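Note sheet for the following structure.
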Amino acid sequence: MKLTGLLALSALLGAALVNAKHTSNWAVLVCTSRFWFNYRHLANVLSIYRTVKRLGIPDSQIILMLPDDMACNPRNAFPGTVYSNADRAVDLYGDNIEVDYRGYEVTVENFIRLLTDRVGDEMPRSKRLLTDDRSNILVYMTGHGGNEFLKFQDAEEIGAFDLADAFEQMWEKKRYHEILFMIDTCQANTMYSKLYSPNIIATGSSELDQSSYSHHADSDIGVAVIDRYTYYNLEFLETEVRDTSSKRTVGDLFDSYTYEKIHSNAGVRYDLFRGGAEAARSRLLTDFFGNVQDVEVDLSKNTTLEEDLLSLSKTIAALHRKAAEQEATMKNNATSERRAQITGQKKTQFAKPLTDDNWWTKKILGATAVAGCAFLWGLSSFLEGPGR
């Protein structure tokens, strides 16, 4: 007797108990510069924003911090737009942009509170990083910096130690699975030099005492429109990572960095990542820049679910055995009847069962349906919570 429904349910129950690598991807994209002459920094971050949205990360899982609105600046010759290329083929601002922190909300304090979730109950969900220990996070920052600091709006600075301690708080509070940290600023590599928390891959645009250079300017806009490091990251992502099925890795991206293109020594750091350089380099780019659809059931929240599923599986197995025994008995009886007819012996009359021959099969299917309903109820109860 083929019990395909039972086998399918068993496979489903088994899969539910397997931990996924990670269940969500988030992006924290931060521009720290204001004023018109820093147009390129806003274009940098909006370019990354466009890429992660193209690869499926929804706005509900992107935190965008913009200290100035270049699109509405009176100097903008193309009002309501932001471009990162001189041919102005793609408007990065467009009609579908969600800015979470704007203007003077972009501060060091708000950035650290965002990472560590040290915010009040009045903070709307759209301004919170609602991650957990199964979340991968892309943290991208751009602006003006120096040796172990990054300026925020020419008014304050965040230091390398501040950033390192914020990431450590995130790790202790189980707020991330893995982090890809990218920074485009002068002396950028010094900003990740103090990191000490696990599962972090870091990369920057320039070494100590090196500047980060712009790629090109738009004569009509009147200023540079993108930095070289960000430009070549985007070039790789746009040409090599066309959708979430891409197999391009972090190592492939980092290998594309050259001094001839970036005009500075882009840096990478693998030592914090479990498994070291080999494991870090093998990570797919879509593990940070793309969306994922994995679902994880946290059975630790309710110990009775696992017990109920185990009990149901045992019940189904018992019914399976009984059905097999019943089927064997019926086959033996039928064989005896046929032998009696052939030899002319008096045929033994067997009492007809009160139920039809498929009674056990129906009981198994019924138990399977009950198990499926129980599993779905349990899954929905754990996934239930405030919407993002």
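Could you give me the ³J(HN,Hα) list for segment 233-243, computed from phi with Karplus coefficients 6.51, -1.76, 1.60 and θ = phi - 60°, whole Hz, x at Gly and Pro?
Karplus-based 3J(HN,Hα) across segment 233-243 equals 5, 5, 4, 5, 5, 6, 8, 9, 10, 7, 7 Hz.
Taking H as built 1.01 Å from N, whose amide H comes closer than 5 Å to the amide H of Gln210, not counting residues under 5 places away?
Gln187
Taking only the alpha-carbon atoms of segment 215-262, what semi-axes of the equivalent ellipsoid follow from 5 times the gyration tensor eigenvalues under a square root, in whole Å, largest first?
Numbers: eigenvalues 129, 38, 6 Å².
Ellipsoid semi-axes (Å, largest first): 25, 14, 6.
Explain nothing, just compute: Karplus ³J(HN,Hα) = 6.51 cos²θ - 1.76 cosθ + 1.60, θ = phi - 60°, for every residue of segment 131-147 in order, whole Hz, x for Gly and Pro.
9, 9, 6, 10, 10, 8, 10, 8, 10, 10, 10, 8, x, 9, x, x, 5
Spelling out what I want: for every residue of segment 209-223, take phi, set θ = phi - 60°, compute 6.51 cos²θ - 1.76 cosθ + 1.60 (Karplus), and round to whole Hz; glycine and proline get x.
6, 10, 8, 9, 9, 6, 8, 6, 10, 10, 5, 6, 6, x, 9
With a 10 Å Cβ neighbour count serving as the proxy for reagent exposure, in which order, fewest first, do Lys174, Lys261 appear? Present the calculation step by step, with values, prior to reporting the outcome.
Numbers: Lys174 12, Lys261 15.
In order of increasing Cβ crowding within 10 Å: Lys174, Lys261.
Can you list residues whose amide H is under 5 Å from Glu157's amide H, if they're 5+ apart or on another chain and H is modeled 1.01 Å from N?
Phe152
May I ask you to sort Cys186, Cys72 by Cβ crowding, counting other Cβ atoms within 10 Å and putting the fewest first? Kindly include the intermediate steps, with their values, before the conclusion.
Working: Cys186 20, Cys72 11.
So the residues, fewest neighbours to most, are Cys72, Cys186.
Too long at a 26 Å Cα-Cα cut-off: which of Lys194/Lys247; Lys173/Lys314; Lys127/Lys173; Lys174/Lys261; Lys127/Lys247? Spell out each step's value before the answer.
Values: Lys194/Lys247 31 Å; Lys173/Lys314 38 Å; Lys127/Lys173 18 Å; Lys174/Lys261 38 Å; Lys127/Lys247 32 Å.
Where the Cα-Cα span goes over 26 Å, the pairs concerned are Lys194/Lys247; Lys173/Lys314; Lys174/Lys261; Lys127/Lys247.
Treat the count of other C-beta atoms within 10 Å as a stand-in for reagent exposure and order Met141, Met330 from fewest to most. Please report the intermediate quantities before stating the final value.
Numbers: Met141 26, Met330 13.
Least crowded to most crowded, the residues run Met330, Met141.
Taking H as built 1.01 Å from N, whose amide H comes closer than 5 Å to the amide H of Ile137, not counting residues under 5 places away?
Those qualifying (amide H under 5 Å, at least 5 residues apart or on another chain) are Trp26, His177, Glu178, Ile179, Leu180.
A short reminder: the numbers here are calculations on the coordinates, not readings from a lab. No experiment lies behind these values; they were computed from the predicted model shown. Positions of Cβ are backbone-derived with ideal geometry, glycine not excepted, and every protein chain shown enters the neighbour counts.
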